[in-house]
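Student: Below is the structure I would like to discuss, written out as structure tokens.
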Amino acid sequence: MPLDIENMRKTFGRFTALNSVSLRAEDSEFIALLGPSGSGKTTLLRCIAGLEAPDSGSIRFQGENLLAQKVRDRRIGLVFQHYALFRHMTAAQNVAFGLKAKRGADKPSSAAIKARVEELLALVQLDGLGGRYPSQLSGGQRQRVALARALAIEPRILLLDEPFGALDAKVRRELRRWLREIHERTGLTTIFVTHDQEEALELADRVALLKDGALEQFGTPEELYHQPATPFVFEFLGDVVKLPCEIVDGAAVFGGVRATLLGGSRRTAGKGVAHVRPDAFDVARDEGEGLRATLRDVVSAGASARLDCLLENGDSVEIRVPHDLAQKLKPAERVTLRPREARVW
Amino acid sequence: MMSAHGPAAPTRDPAWFKWTLISVALAYVVIVLALPLLAVFVEALRKGEAAFFAAFNEPAAAAAIQLTLLVTAIAVPLNTVFGLAAAWAITKFEFVGKSFLTTLIDLPLSISPVIAGLVYVLLYSVHGWFGPFFADRGIEIIFAVPGIVLATTLVTFPYVARELIPLMQQQGTDEEAAAATLGAGPWRTFFLVTLPNVKWALTFGVLLCTARAMGEFGAVSVVSGHIRGQTSTMPLHVEILYNEYNFVAAFAIASLLALFALVTLAVRAVLESRFEAELAAAERT
Amino acid sequence: MLGVAASPSSETKRWRFREPSALGGFWPSFGFVAVYLSFIVLIPLAALVLRPWEIGIDGVWRAVSSERTVAALKLSFAAAAVAASVNAVFGTIVAWALVRYEFPGKRVVDAFVDLPFALPTAVAGIALASIYAPNGLIGAAFGAHDIRIAYTPIGIMIALVFIGFPFVVRAVQPVLADLEREVEEAAATLGASRWRTISQVIWPSIAPAMLTGFSLAFARAVGEYGSVIFIAGNLPMVSEIAPLLIIIKLEEFDYAGAAAIGLAMLVISFVLLFALNALHAFMIRRGGA
């Protein structure tokens, strides 16, 4: 059952947070809402949860108009950015809260609640820690309690608001992997908000990239990375080197060197600004065709080596090359850069 | 906070400055605060224990104590409910006129208690706006217990709200929002999520409200009629005794009130150090 | 939760009384609060504002401008101002000592500061009267030099000092505590003497707080009754405070007159506090707290 969001608009005073955003999440999909601060991604999430009321637009799920339902009736699980755990309740009591809040026939027996809480704590790998208070748990543990709590009510949709924002890098990576596993096990339609593009590309089935309240592109990670719809998408999802070039016979020409003109490029003739990925350059010492540059710095640490180059026109660019190549180069050397492929807008 | 040991830092005050300041501060506190407090107990016990206890056995005194307790037992719960409702409305929602509401709540703190009593006389006495309405039904408000309850309630209503509002403001609405997404209605959210988070502030607010209600003098003075044994609360009774030069009895009753004030302060000190411990624990993780 | 209810945006947006929110229970709580406040505060205050005029504008003017009333008002406001000033100075000293220094008994003193807040005014009143009376502990010492404290305006000021003490301390304390150590250290590394640091870095930050404390102590002292009534002489024109005059008028069944004086007190207080608030805002703008 898809989640259909149509023409969401939301303003706060004079600031437009959402400008007619529409998207559709298919059943059991894992969707990332990605974008810089102020792009509207959290606002959209909160509208789905019911914590904000949009000015106009509609949200339909399982044939129901979600906007007509009160927050407590929507059966949506929300994991807050800062966890929002009930500070005076233990982890187990936190998880049990939603179950105890059910009314009438839906409410399970105390034994059933206890069993379910234990089951969920085991799912998030916190068994044995149910008796701890939030202040006695680490950030990563608190996050997992928040998730267990949200899952307890058997939500139809799971929403996560920058779930790993406050955690350090290593914990983030572990939790990312683990979140993906949980998603596979529960099969819930999941939407999560992040400003970290690596996280979005790694985890999501599809990514919605937002900017200034509008949807820039909505597609699989591969589509966004290799077929960016706009310069913003291209620049957001990785580093970019911008160089002037000319388009001749369907190729981007830099100082005599022909580079493949990638699909999705808007221009097809004349002069333009090329966007090139830092790792899409060939570097050589010869004096053939290409862009002449002087090496200012060679940093050989990290996943790939970084070359700081000063072009003849005065621009500075950063290129990435494999380590074995970088080891042969030294600062102050003159090299020739040859882009292999580029996008021109 | 600086320690007395350790290397001299450029922001340290010279020792003479520091100790002069501390001496002045302590002297001020002792003369202005401690002395009067001490005087209460000294004067109460001036004629020995027997005289001290005799003061409470007197029927008028007993009646005054009873009346004070009755008035407090009505005013404080009412103001507590008000304080909770006001703090809930103000800190969890956004609406027009919020700051006007907050100003209104602070109002009794800046008007004279005599004026507080005055306004009730203007409304409910026989010559008041609503006077005839009640007189026709044989209900006495001014110069009777209902008037005392009303005046005490007016003067003490901000105290619970003022303790709760800054704390609840600081705690924000995230936990309540989480409770809503988990299916909880407003009552469940209030009792299970909001209330436990403010229990110490609430306790202290209620204590303070009680201390102020028991000790209210100016407003009650205006509406009570000073009828010994009938419409005198403890503070009024103290005044009557003092004006009759019955000092020991006056200070004896006063010492009871002073004792309660000290208990209030002690509880506050204990709660604050508890808060500090909780805060430190929360910040460590 | 963000929300600005009243400003119209470029789209036609209806004015809303309150921002919709996920939480329920607004109207019950707000409704209760509104009714309670009307009953307890607003309607009684309306009576105070409207009833004086029953004796006409002349009547009100006569009641307010009579010699006795003017003397009482002057005494109440002047004594309150003096007492609040004394508290401003010494209260700041106490706050400074509590925040910056360690000394034995500090915790006790800190808790003790709130005593005037929790102690019934009548209890304070008789205690102060007994100490400063001609045969009291301090009164006798001064009496030997022919200085009378109790039953004079000086006695009144002492009682008001007691009453207003916590306000300045509690207003200045948090500001002092929040003062970043680093700013002082920066001033020191830049070569400022301790005195310069205090007067140009620390003082501008605490001055507004001192003013707030002063205003609160002042407002409280103006209307104070219980702690003053025993130590004041209550002689008309000399040592009679305004609240006492109101009570006397009520006992004479001059309701409109009493209300007129009460209204005058409120109006004057209001004006003064407004001016103090403006001064406070000015200080914040200039000095930056």
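Student: Test each condition in (1) within 14 Å of the chain's Cα centre (by Cα); (2) at positive phi for residue A:250 and report the one that comes out false.
Tutor: Condition (1) is where residue A:250 drops out.
Student: Which one is surrounded by the most Cβ atoms within 10 Å (Cβ to Cβ) among residues in the stretch A:231-253 that are within 26 Å of residue A:316 (Cβ to Cβ) and without any contact (Cβ under 8 Å) to a residue 24 or more places away in the chain? Full working, then the answer.
Tutor: Quick first cut of the stretch A:231-253, residues within 26 Å of residue A:316 (Cβ to Cβ) only: A:231-247, A:251-253.
Still in the list and also without any contact (Cβ under 8 Å) to a residue 24 or more places away in the chain: A:232, A:251, A:253.
On the way: A:232: 16, A:251: 16, A:253: 18.
Here the residue is A:253.
One line per residue, one yes/no per condition, for (1) of a type outside the set (S, T, N, Q); (2) in contact with a helix residue (DSSP H, G or I) (Cβ under 9 Å, 6 or more places away or on another chain):
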{"residue": "A:175", "(1), (2)": "yes, yes"}
{"residue": "A:198", "(1), (2)": "yes, no"}
{"residue": "A:201", "(1), (2)": "yes, yes"}
{"residue": "A:211", "(1), (2)": "yes, yes"}
{"residue": "A:217", "(1), (2)": "no, yes"}
{"residue": "A:225", "(1), (2)": "yes, yes"}
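Student: Sticking with this structure for a sec: Go through (1) at the interface with chain B (Cβ under 9 Å from one of its Cβ atoms); (2) touching a helix residue (DSSP H, G or I) at 6+ places or on another chain (Cβ under 7 Å) one by one and return the number of the condition residue C:189 breaks.
Tutor: Among (1) at the interface with chain B (Cβ under 9 Å from one of its Cβ atoms); (2) touching a helix residue (DSSP H, G or I) at 6+ places or on another chain (Cβ under 7 Å), residue C:189 violates only (2).
Student: Take residues that are among the basic types (Lys, Arg) and closer than 28 Å to residue B:188 by Cα and tell me which of the helices (runs of 4 or more DSSP H) falling wholly in the stretch A:79-198 contain 1 or more.
Tutor: Numbers: elements: A:91-100, A:110-123, A:139-152, A:169-186.
Where helices (runs of 4 or more DSSP H) fall fully within the stretch A:79-198 and carry at least 1 residues being among the basic types (Lys, Arg) and closer than 28 Å to residue B:188 by Cα, they are A:91-100, A:110-123, A:139-152.
Student: Any chance you could count how many residues in the stretch A:35-44 are at negative phi and more than 13 Å from chain C (Cβ to nearest Cβ)?
Tutor: Restricting attention to the stretch A:35-44, the residues satisfying the condition of being at negative phi are A:36-37, A:39, A:41-44.
Within this subset, residues satisfying the condition of being more than 13 Å from chain C (Cβ to nearest Cβ) are A:36-37, A:39, A:41, A:44.
Within the stretch A:35-44, residues that are at negative phi and more than 13 Å from chain C (Cβ to nearest Cβ) number 5.
Student: For the stretch B:209-221, which residues satisfy the criterion of being in contact (Cβ under 8 Å) with a residue 60 or more places away in the chain and touching a Ser or Thr at 6+ places or on another chain (Cβ under 8 Å)? Step through it out loud before you land on a result.
Tutor: Let us first name the residues in the stretch B:209-221 that are in contact (Cβ under 8 Å) with a residue 60 or more places away in the chain, namely B:209-210, B:213-214, B:216-221.
Selection gives B:209, B:210, B:213, B:214, B:216, B:217, B:218, B:219, B:220.
Student: Another question about this same structure. Can you say whether residue B:274 is at pLDDT below 90, in a helix (DSSP H, G or I), surrounded by fewer than 22 Cβ atoms within 10 Å (Cβ to Cβ) and facing chain C (nearest Cβ under 10 Å), as far as the supplied structure shows?
Tutor: Details: at pLDDT below 90: yes; in a helix (DSSP H, G or I): yes; surrounded by fewer than 22 Cβ atoms within 10 Å (Cβ to Cβ): yes; facing chain C (nearest Cβ under 10 Å): no.
The answer is no for residue B:274.
Student: Take the stretch A:2-34 and flag every residue that is at positive phi and surrounded by 14 or more Cβ atoms within 10 Å (Cβ to Cβ).
Tutor: Going residue by residue through the stretch A:2-34, those that are at positive phi are A:7, A:13, A:20, A:28.
Residues satisfying the conditions are A:13, A:20, A:28.
Student: Has the stretch A:218-237 got at least one residue that is assigned to a strand (DSSP E or B) and farther than 19 Å from residue A:281 by Cα? Reasoning before the result, please.
Tutor: Pass one, the stretch A:218-237, residues assigned to a strand (DSSP E or B): A:218-219.
Checking which are farther than 19 Å from residue A:281 by Cα leaves us with A:218-219.
Yes, the conditions are met somewhere in the stretch A:218-237.
Student: Hey, another quick one. Give, as residue ranges, the strands (runs of 3 or more DSSP E) completely inside the stretch A:274-329 that count at least 3 residues that are farther than 21 Å from residue A:262 by Cα and touching a Pro at 6+ places or on another chain (Cβ under 9 Å). Before you say what the answer is, go through the steps one by one.
Tutor: Working: elements: A:281-284, A:291-299, A:305-311, A:316-321.
Fully inside the stretch A:274-329 and qualifying: A:291-299, A:305-311.
Student: Name the residues in the stretch A:112-168 that are surrounded by fewer than 21 Cβ atoms within 10 Å (Cβ to Cβ) and among the aromatic types (Phe, Trp, Tyr), would you?
Tutor: A:133
Student: Of everything in the stretch B:12-30, what is at the interface with chain C (Cβ under 8 Å from one of its Cβ atoms) and either assigned to a helix (DSSP H, G or I) or on the phi > 0 side of the Ramachandran plot (or both)? Give them in sequence order.
Tutor: Residues of the stretch B:12-30 at the interface with chain C (Cβ under 8 Å from one of its Cβ atoms): B:13-14, B:18, B:21-22, B:24-26, B:28-29.
Residues satisfying the conditions are B:18, B:21, B:22, B:24, B:25, B:26, B:28, B:29.
Student: Please go through the stretch C:113-128 and give me each residue that is in a helix (DSSP H, G or I), modelled with pLDDT of 90 or more and farther than 14 Å from residue C:231 by Cα, ordered by number.
Tutor: Step one: list which residues in the stretch C:113-128 are in a helix (DSSP H, G or I), which gives C:115-118, C:121-128.
In the following step, the residues that additionally are modelled with pLDDT of 90 or more were identified as C:115-116, C:121-128.
Result: C:115, C:116.
Student: Go through the stretch C:95-106 and count every residue that is facing chain B (nearest Cβ under 7 Å) and either part of a helix (DSSP H, G or I) or closer than 20 Å to residue C:228 by Cβ (or both).
Tutor: Restricting attention to the stretch C:95-106, the residues satisfying the condition of being facing chain B (nearest Cβ under 7 Å) are C:96-97, C:100-103.
Next, only the ones that are either part of a helix (DSSP H, G or I) or closer than 20 Å to residue C:228 by Cβ (or both) stay: C:96-97, C:100.
Within the stretch C:95-106, residues that are facing chain B (nearest Cβ under 7 Å) and either part of a helix (DSSP H, G or I) or closer than 20 Å to residue C:228 by Cβ (or both) number 3.
Student: Residue C:131 fails exactly one of the following numbered conditions: (1) in a helix (DSSP H, G or I); (2) surrounded by fewer than 21 Cβ atoms within 10 Å (Cβ to Cβ); (3) of a type in the set (Val, Ile, Thr); (4) free of Cβ contacts under 8 Å to residues at least 24 places away in the same chain. What is the number of that condition?
Tutor: Failed condition: (2).
Student: Tell me, yes or no, whether the stretch B:166-173 has at least one residue that is more than 7 Å from chain C (Cβ to nearest Cβ) and at pLDDT 90 or above. Show your work before the answer.
Tutor: Taking the stretch B:166-173 and keeping what is more than 7 Å from chain C (Cβ to nearest Cβ), we get B:166-172.
When the remaining residues are screened for being at pLDDT 90 or above, the result is B:168.
Yes, some residue in the stretch B:166-173 is more than 7 Å from chain C (Cβ to nearest Cβ) and at pLDDT 90 or above.
Student: In the stretch C:210-241, how many are outside any helix (DSSP H, G or I) and either more than 18 Å from residue C:70 (Cα to Cα) or in contact with a Lys or Arg (Cβ under 8 Å, 6 or more places away or on another chain) (or both)? First the steps, then the outcome.
Tutor: Applying the first criterion (outside any helix (DSSP H, G or I)) to the stretch C:210-241 yields C:223-225, C:230-241.
Within this subset, residues satisfying the condition of being either more than 18 Å from residue C:70 (Cα to Cα) or in contact with a Lys or Arg (Cβ under 8 Å, 6 or more places away or on another chain) (or both) are C:230-231, C:236-237, C:240.
Matching residues across the stretch C:210-241 total 5.
The values are calculated or read from the model by the stated rules, or taken from the named source; none is laboratory data. Computed from a predicted structure; not experimentally measured. Neighbour counts run over all protein chains shown; Cβ positions are idealised from the backbone, glycine included.
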